[in-house]
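**Q** Provided herewith is a single structure, encoded as structure tokens, for subsequent inquiry.
The values are calculated or read from the model by the stated rules, or taken from the named source; none is laboratory data. The structure presented is a predicted model; accordingly, all values stated were derived computationally and were not measured. Note that we place each Cβ from the backbone using ideal geometry, even for glycine, and neighbour counts take in every protein chain shown.
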Amino acid sequence: WRAAMFIILIEFSERLSYFGIATSLMIYLTKVLHQDMKVAAVNSQYWMSVTTLMPLLGGFLADAYLGRFRTVLLSTVVYLLGLVLLAVAQLAPGLRPGGVSVPRVHETLFFVGIYLVSVGTGGHKPALESFGADQFDDGHAGERLQKMSYFNWWNCALCSGVLLGVTVVVYIQERVGWGAATVLLAAVMGCSLVVYLAGWRTYRYRVPQGSPLTPLLRVAVAAVMKRRLQLPADAGQLYEEDDGKKRLLCHTDQLRCLDKAAIFEHGGEVWSGAWHLATVTQVEETKLVVSMVPIWVATLPFGMAAAQVSTFFIKQGMAMDRHLGPHFVLPPASVFALAAVAMIATVALVDKVLEPCLRRATGAERGISVLRRIGVGMAFAVLAMAVAAVVERRRLHSSATMSVFWLVPQFALMGVGDGFALVGLQEYFYDQMPETMRSLGIGLYLSVIGAGSFLSSQLIAAASRLSSHGGRRDGWFGKDLSRSRLDLFYWLLAGISAANLGFYVLVATRYSYKQQTAKAGRVGADKDAAAGDVECAIAAAA
């Protein structure tokens, strides 16, 4: 836990910086760069898409070549450079925007800066989170339980950073200035780099082993080359070997066509060579990656719903009464704190109350299965979109300005949904990925939000075209909220999410979890293979 605490502290600092930018981006684009609501929403969600899709590249580089420690180090430097460019654009004389005039250089530096932050996040997020999880040994029962708590407390630190980012940092942006806030964020990121380097002696390191995609490609090639062969009736006759470097995977009956890659001998012909023969573990790793695709697709509508929290939810807050007493006005982006508080409370409740109770009741090590946890979060996202639609319709038809606290239910429901679904997605893509691809697994989790944001921006564009067709000038997305129909857009998202939830349940109930064994042998090593079979049977029963 000591090494993991260094890493969790860095995540707190990075999320403070990131959400200090992300939650105010919509406001900056509309108030400082003077973009209309639809353009600002699309630009914001494009940026969010890039930011949460870049971890796929960062995770691949961390797993294959750089290693997780160095990937975090390099990406933090890039992140810091992006913050420095933002500070220069906002503070340097002649570059600062004034009134309705926005210097072209300011706009260029601003977008280069935020996209450098995207690149930095792309390496930071997948490598840092999986590097933290690497500090716990899956082969040790006690550390395996600690790792489950690690993901929960990782998200508590994340949400604590979010909470300060959308309150303290946003307050400085509103009261002192955008440049001062960005300088603070750069200082925080610099401090996080020092903290990260201070813990280097305590970390457990994993050596990168080359491209993790090559073994998957070898399995596919070997299976195609042996596609006409008959599988043996006994799966124990498939090829396996134990090099002592990693735990082996148990054979499963899904995607049996790939098992042909592990046929060692057929009709007196012996197969050998990396592109002609794969082990059972390599075949099962390929099956795991393939079986993740339907789960990934089924969670995309959740990413679409989550994208609204930092865009249209914030924009709603700008159009409502934000007074807290006679002298204090709540900054619009600070409303995001409601979701962060709800997520922190949910994560703590699940970790300290729900999971221990379910462990005692069911005898299962995890308490609630990771896919069930994701499904619960997706159900809360459906409710959040429906409530947001009702609140927005009431706001449109209200004669007086409504209080911003009408947004509490939708923010809270999305926060609870995040507490279930996001933590579940993190655990799922880290735990079910092959050991050599775990940074890429965290990248896949983040890509759910990124691809969801991209799909949301495309849905906004399509809905805008269709709703303005036939003479209505603004359609669902006008220049401001009073000329828009966000309530109908929220209902559309609620309908898509509800229909998709049924698809997710169908996919999740058919999913086979990864089963590991510590023992196996080559074909012909009957004693070791039998021991591995027994261990697999025990794992399957559990």
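**Q** Considering only residues that are more than 30 Å from R394 (Cβ to Cβ) and touching a Cys at 6+ places or on another chain (Cβ under 9 Å), look in region 316-366 and name the one that is surrounded by the fewest Cβ atoms within 10 Å (Cβ to Cβ).
**A** Per the criteria, the residue is A348.
**Q** Can you tell me which of A499, A537 is in the same structural domain as Q237 (by TED's automatic domain parsing) and either exposed (fewer than 15 other Cβ atoms within 10 Å of the Cβ) or at pLDDT below 90 (or both)?
**A** Working: A499 fails: in the same structural domain as Q237 (by TED's automatic domain parsing).
Criteria check complete, one pass: A537.
**Q** Among the residues of region 401-456, write down those that are outside any helix (DSSP H, G or I) and either closer than 30 Å to V329 by Cβ or not assigned by TED's automatic domain parsing to the domain that holds A389 (or both). Outline the logic, then answer.
**A** Step one: list which residues in region 401-456 are outside any helix (DSSP H, G or I), which gives 401-403, 432-434.
Across region 401-456, the qualifying residues are T401, M402, S403.
**Q** Checking the structure you have, find out if any residue of region 168-175 is more than 19 Å from A22 (Cα to Cα) and loosely packed, with under 14 Cβ neighbours inside 10 Å. Before the answer, list the steps.
**A** So the first thing to find is which residues in region 168-175 are more than 19 Å from A22 (Cα to Cα), and the list is none.
No, every residue in region 168-175 fails to be more than 19 Å from A22 (Cα to Cα) and loosely packed, with under 14 Cβ neighbours inside 10 Å.
**Q** Same structure again: Looking at F60, is it in the same structural domain as V119 (by TED's automatic domain parsing), within 17 Å of the chain's Cα centre (by Cα) and among the hydrophobic types (A, V, I, L, M, F, W, C)? First the steps, then the outcome.
**A** Working: in the same structural domain as V119 (by TED's automatic domain parsing): yes; within 17 Å of the chain's Cα centre (by Cα): yes; among the hydrophobic types (A, V, I, L, M, F, W, C): yes.
In short, yes.
**Q** Please state which of the following conditions L455 fails to meet, knowing it meets all the rest: (1) modelled with pLDDT of 90 or more; (2) touching a Ser or Thr at 6+ places or on another chain (Cβ under 7 Å); (3) not charged (D, E, K, R).
**A** Unmet for L455, out of (1) modelled with pLDDT of 90 or more; (2) touching a Ser or Thr at 6+ places or on another chain (Cβ under 7 Å); (3) not charged (D, E, K, R): (2).
**Q** Restricting the first residue to region 380-400 and requiring it to be under 17 Å from Q308 (Cα atoms), which pairs with a second residue that is charged (D, E, K, R) and modelled with pLDDT of 90 or more meet a Cβ separation below 7 Å and a spacing of at least six or different chains?
**A** Between residues of region 380-400 that are under 17 Å from Q308 (Cα atoms) and residues that are charged (D, E, K, R) and modelled with pLDDT of 90 or more, the close pairs are A389/D487; E392/D487; R393/D487.
**Q** Turning to a different aspect of this structure: Does I460 satisfy being within 30 Å of P208 (Cα to Cα) and either buried (at least 19 other Cβ atoms within 10 Å of the Cβ) or hydrophobic (A, V, I, L, M, F, W, C) (or both)? First the steps, then the outcome.
**A** Values: within 30 Å of P208 (Cα to Cα): no; either buried (at least 19 other Cβ atoms within 10 Å of the Cβ) or hydrophobic (A, V, I, L, M, F, W, C) (or both): yes.
It is false that I460 is within 30 Å of P208 (Cα to Cα) and either buried (at least 19 other Cβ atoms within 10 Å of the Cβ) or hydrophobic (A, V, I, L, M, F, W, C) (or both).
**Q** Ok, one more. Just to be sure I understand, how many residues within region 290-314 are of a type in the set (V, I, T) and crowded, with 20+ Cβ neighbours inside 10 Å? Explain how you work it out, then say what you get.
**A** Taking region 290-314 and keeping what is of a type in the set (V, I, T), we get 290, 293, 295, 297, 299, 309, 311, 314.
Imposing the further condition that a residue be crowded, with 20+ Cβ neighbours inside 10 Å reduces the set to 295, 299, 309, 311, 314.
Counting residues in region 290-314 that are of a type in the set (V, I, T) and crowded, with 20+ Cβ neighbours inside 10 Å gives 5.
**Q** I'd like to check which helices (runs of 4 or more DSSP H) are fully inside region 108-212 and have at least 3 residues that are under 24 Å from the mean Cα position of the chain (by Cα) and not aromatic (F, W, Y). Give the steps one after another, and end with the answer.
**A** Numbers: elements: 141-164, 170-175, 178-198.
Passing ranges, in order: 141-164, 178-198.
**Q** Give the residue, chosen from V105, V112, that is in the same structural domain as S13 (by TED's automatic domain parsing), at pLDDT 90 or above and surrounded by fewer than 16 Cβ atoms within 10 Å (Cβ to Cβ).
**A** Working: V105 fails: at pLDDT 90 or above.
Being in the same structural domain as S13 (by TED's automatic domain parsing), at pLDDT 90 or above and surrounded by fewer than 16 Cβ atoms within 10 Å (Cβ to Cβ) holds for just one of V105, V112, which is V112.
**Q** For the subset of region 314-346 comprising residues that are in a helix (DSSP H, G or I) and of a type outside the set (A, V, I, L, M), which member is farthest from T23 (Cα to Cα)?
**A** Of the residues in region 314-346, the ones in a helix (DSSP H, G or I) are 314-318, 332-346.
Retained after the next criterion (residues that are of a type outside the set (A, V, I, L, M)): 315-317, 332, 334, 336, 346.
Values: K315: 10, Q316: 13, G317: 12, P332: 9, S334: 8, F336: 7, T346: 21 Å.
Here the answer is T346.
**Q** Among the aromatic types (F, W, Y), part of a helix (DSSP H, G or I) and closer than 19 Å to G450 by Cα: does that describe Y65? Full working, then the answer.
**A** Numbers: among the aromatic types (F, W, Y): yes; part of a helix (DSSP H, G or I): yes; closer than 19 Å to G450 by Cα: no.
Judged against the criteria, Y65 is not a match.
**Q** Sticking with this one: Of the residues that sit in region 41-88 and are modelled with pLDDT under 85 and among the polar types (S, T, N, Q), which one is nearest to K315 (Cα to Cα)?
**A** Q45
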